[in-house]
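Undergrad: This structure is in structure tokens; I'll ask about it shortly.
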Amino acid sequence: MSRLFNILTIRIKSYFSQILTRINSKRLEFSVSLFIISTISVGSYFMFLKGARFLEAQGEIGVLFLDRMFYIGWSIIFTLLILSNIITAFSTLYRSSEVSFLMTMPVSFLETFRLKFGENLLYSSWALLILGFPLTLSYSAIKNLSLFEMSLVLLFGLPPFLVIATAIGLATLLIIVWLSQWIRMRSVFAFVGLSGFLILRLYFALSRQDLPVLGNMASFRAIDRYLLNLSQQPFPFMPSHWFTKLVTSYSKSEPQELLFYWALLILTAQVLWIGTGVLAKHIYYRTFQIMEGNIGKSSARTSSTSQDYVERFTWLPSPTRGIVMKDTLQFIRSPQQWVQFLLFGFFIGIYLINLAWIDIRVDAMMPFWRTMVFIFNFGFNGYILAALTARFVFPLVSMEGKAIWIVRTAPFSINRLFREKFWMSFIIFFTLAEVVALASNYYLQQNLVVSLISTGFLLMMSISLISLSLGFGAVYAQFSESNPMKISSGTGGIITIVISLFYVAIMVAALVGIIYLKDFSGMAQYILIIFVAVIILNIFFIYFPLKWGRHALMTKEY
Amino acid sequence: MIQIENLCKSFGELKAVDNVSFHIKKGELFSFLGPNGAGKTTTISMMVGLMSPDSGKILIKGKDIARDPISAKRIIGYVPDQAYLYGKLTGLEFFHVIGNFFNMAPKEITKSIRHYAQRLGFESWLNDRIEGYSQGMRQRMAFGAAFLHDPEILIIDEPMVGLDPGSARIIKTMLREKADAGVTVFLSTHNLNVAEELSDRIGIINNGGLLAMGNLETFKSEIKKEGNLEDIFLELVQNQTESQV
């Protein structure tokens, strides 16, 4: 393990030197990133704190809700951590030039795996903790824990929690890749995804989450049943449950419970650390070979079909057809890309299924609450669209990579490349957003006028958010980076997502304004002013990012 | 066919290309020689539109690459020194993409692929993904892509990088054939044997400036020394370095 320590020391030194160089050479970029991350963290903290105070003020039911929200928050973080680990591990375990180098050295596979385990843990968890820290700090503030006490809980509780998530993620990927020697990787992923969905569905069905909603909420018996349900729901075998228990038992001064859950986290992390080690010792090298062997493997039949298929789009100008063919095939053949896209689809699917299956009794709701549900749903759509465009559209220009010379020396203008990427993104994301909007409007029983307004707003949002991500993606293009996740989590990506969310917030506010003026205030004449303002805002968000992006690409030298 | 006039390009204090001018005729095979960092790749990058000059003009068959880049690029076939291609595509798909970029009809693309795959010997791996190719295979693919639309001008940066002797021989033969058939070939290299063997005319560049232009005989008479191209090249470069010191 001393070799591992040596490599680790070199890596840490190299990271620090990179960070220092970055701070010195790109002060402005570094300051902007730091400012944005701090703003998100502090903003989230106050947002969570305000929400928690509101719930606390509602009495016993509010406190129960608060505990449940805290548990759900960490459960989501835990799930996302596992998924994020699986996706990041593709690069760290198999696509890293360092791994290829180490495999030729007299270093054991286990040592290499351990090194990459640590690296993966760091890469996959730092961004999610931006959400986890404010959530925990605000919850602790409500539970009257001091900052020192909170730091103790995080310091001792978080590392084993992260190790558990990383171990599960990495073990899952090792097994998936190992199985892929007999079954296609797509099929294994589909099987794992479907199993995950069925387990979740079974869990929700057994825990009867919709029970209180189906009952008559005016009855005390129903509320009683709801409270009983809430206290039973946390799943006792989830590490996120153990972690949240650390905070609650500390706040209740229950040292035995605190020690129990801490020991549970430490022991599980230890067992999984050893378990993944054993697994890696036996199959890591084999899986590495499988992935190396997968490079370049394809069937002649598949390739000729895909190419013939695109050649059929004769109505497209020939160069555009070439770009469409290239971009489509590259996307389909990059598991990092389509797995994440499927994950988004999976979450959206769950949201729609929940809307469809839970009987919300919209018809019995007061108009105010019906509008509230509609606005939350619209905001959710906007948020999904912003996240999708920042994750998938932003890296599109950078994904041209070192092969950018091909399109820059080809006889067409850079506008064509921009237009193709814009329309491809628009067709996919607008369709997706509209499906979600139409389905949710249907389930929420919205009237035609409101549905039309939201459809129009979504159209504008799709165009603006895609323009923003595409334009900024060109301004902050990183042609030497091949990992789309790293591209979208860089400075430019963070700036894009923050601006996108800010834009979505403005659009939601504008929609609220229109609905308020239309239904509640009787001052419908002002609606036109909001419409004009929204159109001007969207022109701004479409025109300038695309203009800056195009200019950046035209003037960039390769 | 190619006209370069007073071309200049600087990166900060460094003058990468310093007032370079030359003309290349139709059907001529021109070699651009120079040591590492002499300014060869920068000149080529400006010729194919990857960089813009600080001053000066590049005319490709009378079309200014800065003002009318699309018309100029349409008649150029370019092979870079490092052939980064679309790794996720198969060779066949890659050629179809390139063919589409150059407005070729599908039948024309298929015919051209068949011809060059056979000449350059990559028929057997056309259905494999490029990410699995060796450097030499990628280099051959890059040549295939540059030849695909039968360009009037070929601009090639370090043609022999990564090629095995057999492939290098095929490429040299094809370049000479192209030039004989009326295609203008601009070759940048620091491989003196290739330049000596293939070129109609040679330009020597060092420290961003054009040192000499001509063929082996004119160089010999200019510096009044006998020997091969290597001796002449080293003499010229050394003379310039000494005069600068």
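The values are calculated or read from the model by the stated rules, or taken from the named source; none is laboratory data. Computed from a predicted model, the values in this text were never measured in an experiment. Counting neighbours? That spans all protein chains shown, and the Cβs are built from the backbone with ideal geometry, glycine included. For accessibility, only protein heavy atoms count, side chains too; no ligands or nucleic acids. Shrake-Rupley method; radii C 1.70, N 1.55, O 1.52, S 1.80 Å.
Undergrad: Hey, can you tell me all the residues within region A:238-282 that are within 28 Å of the chain's Cα centre (by Cα) and over 30 Å from A:LEU174 (Cβ atoms)?
TA: A:VAL247, A:THR248
Undergrad: Of the residues A:LEU501, A:LEU470, A:LEU458, A:LEU465, which is among the hydrophobic types (A, V, I, L, M, F, W, C) and more than 19 Å from the chain's Cα centre (by Cα)?
TA: Step by step, each of A:LEU501, A:LEU470, A:LEU458, A:LEU465 is checked, and only A:LEU458 is among the hydrophobic types (A, V, I, L, M, F, W, C) and more than 19 Å from the chain's Cα centre (by Cα).
Undergrad: Here are A:SER464, A:SER469, A:SER440, A:SER454: which of them is in a helix (DSSP H, G or I), in contact with a Phe, Trp or Tyr (Cβ under 9 Å, 6 or more places away or on another chain), under 28 Å from A:ARG95 (Cα atoms) and of a type in the set (Gly, Ala, Ser)?
TA: Criteria check complete, one pass: A:SER469.
Undergrad: Separate question: More than 26 Å from A:ILE494 (Cβ to Cβ) and surrounded by 18 or more Cβ atoms within 10 Å (Cβ to Cβ): which single residue out of A:ILE406, A:ILE466, A:ILE414, A:ILE427 fits that description?
TA: Among A:ILE406, A:ILE466, A:ILE414, A:ILE427, only A:ILE406 is more than 26 Å from A:ILE494 (Cβ to Cβ) and surrounded by 18 or more Cβ atoms within 10 Å (Cβ to Cβ).
Undergrad: I'd like to check something: does region A:140-157 contain any residue that is over 27 Å from A:ILE487 (Cα atoms), surrounded by fewer than 22 Cβ atoms within 10 Å (Cβ to Cβ) and among the basic types (Lys, Arg)?
TA: Yes, region A:140-157 contains a residue that is over 27 Å from A:ILE487 (Cα atoms), surrounded by fewer than 22 Cβ atoms within 10 Å (Cβ to Cβ) and among the basic types (Lys, Arg).
Undergrad: Regarding A:GLY382, is this residue within 30 Å of A:SER125 (Cβ to Cβ) and either among the hydrophobic types (A, V, I, L, M, F, W, C) or not assigned by TED's automatic domain parsing to the domain that holds A:LEU34 (or both)?
TA: yes
Undergrad: Are there any pairs with C-beta distances below 7 angstrom linking a residue in region B:194-219 that is at pLDDT 85 or above to a residue that is outside any strand (DSSP E or B) and open to solvent by 50 Å² or more (accessible area, probe 1.4 Å), with the two at least 6 apart or on different chains, and if so which?
TA: B:LEU198/B:ARG176; B:ARG201/B:ASN215; B:ILE202/B:ASN215
Undergrad: Just to verify a result, which residue in region B:75-96, among those that are under 13 Å from A:LYS402 (Cβ atoms) and more than 7 Å from chain A (Cβ to nearest Cβ), is surrounded by the most Cβ atoms within 10 Å (Cβ to Cβ)?
TA: Of everything passing the filter in region B:75-96, B:ALA83 is surrounded by the most Cβ atoms within 10 Å (Cβ to Cβ).
Undergrad: Restricting the search to region A:334-347, which residues are within 14 Å of chain B (Cβ to nearest Cβ) and either farther than 24 Å from A:TYR94 by Cβ or in contact (Cβ under 8 Å) with a residue 24 or more places away in the chain (or both)?
TA: A:SER334, A:PRO335, A:GLN336, A:GLN337
Undergrad: For region A:56-79, enumerate the residues that are surrounded by 18 or more Cβ atoms within 10 Å (Cβ to Cβ) and either under 17 Å from the mean Cα position of the chain (by Cα) or not assigned by TED's automatic domain parsing to the domain that holds A:ALA141 (or both).
TA: Once the filter is applied, which keeps residues that are surrounded by 18 or more Cβ atoms within 10 Å (Cβ to Cβ) and either under 17 Å from the mean Cα position of the chain (by Cα) or not assigned by TED's automatic domain parsing to the domain that holds A:ALA141 (or both), region A:56-79 yields A:GLY73, A:TRP74, A:SER75, A:ILE77, A:PHE78.
Undergrad: Name, by its number, the condition in (1) of a type in the set (Asp, Glu); (2) at negative phi; (3) surrounded by 14 or more Cβ atoms within 10 Å (Cβ to Cβ) that does not hold for B:ASP150.
TA: The single condition B:ASP150 does not satisfy is (2).
Undergrad: Does A:TYR139 count as among the aromatic types (Phe, Trp, Tyr), in the same structural domain as A:LEU272 (by TED's automatic domain parsing), under 17 Å from the mean Cα position of the chain (by Cα) and in a helix (DSSP H, G or I)?
TA: no
Undergrad: Right, here's the next one. So if I check each of A:ILE529, A:ILE542, A:ILE515, which one is in the same structural domain as A:LEU458 (by TED's automatic domain parsing) and surrounded by fewer than 12 Cβ atoms within 10 Å (Cβ to Cβ)?
TA: When all the criteria are applied, what remains is A:ILE529.
Undergrad: If you don't mind, another one. Going through region B:28-45 one residue at a time, which ones are away from chain A (no Cβ under 14 Å) and not basic (Lys, Arg)?
TA: Across region B:28-45, the qualifying residues are B:GLU28, B:LEU29, B:PHE30, B:SER31, B:PHE32, B:LEU33, B:GLY34, B:PRO35, B:ASN36, B:GLY37, B:ALA38, B:GLY39.
Undergrad: Still on this structure, I have one more. When region B:97-126 is examined, which residues are found to be within 11 Å of chain A (Cβ to nearest Cβ), open to solvent by 30 Å² or more (accessible area, probe 1.4 Å) and under 22 Å from the mean Cα position of the chain (by Cα)?
TA: Correct list: B:PHE102 only.
Undergrad: OK, next. Among the residues of region A:516-526, is there at least one that is modelled with pLDDT of 85 or more and at negative phi?
TA: no
Undergrad: Return yes when A:SER91 is closer than 20 Å to A:VAL177 by Cα, of a type outside the set (Lys, Arg), assigned by TED's automatic domain parsing to the domain that holds A:LEU8 and crowded, with 19+ Cβ neighbours inside 10 Å and no when it is not.
TA: So A:SER91 passes the test.
Undergrad: Being open to solvent by less than 10 Å² (accessible area, probe 1.4 Å) and of a type in the set (Gly, Ala, Ser) is the filter; apply it to region A:364-389 and report the residue that is nearest to the other protein chains (Cβ to nearest Cβ).
TA: A:ALA386
Undergrad: Tell me the residue from A:PHE161, A:PHE197 that is buried (at least 17 other Cβ atoms within 10 Å of the Cβ), part of a helix (DSSP H, G or I) and in the same structural domain as A:VAL63 (by TED's automatic domain parsing), please.
TA: A:PHE161
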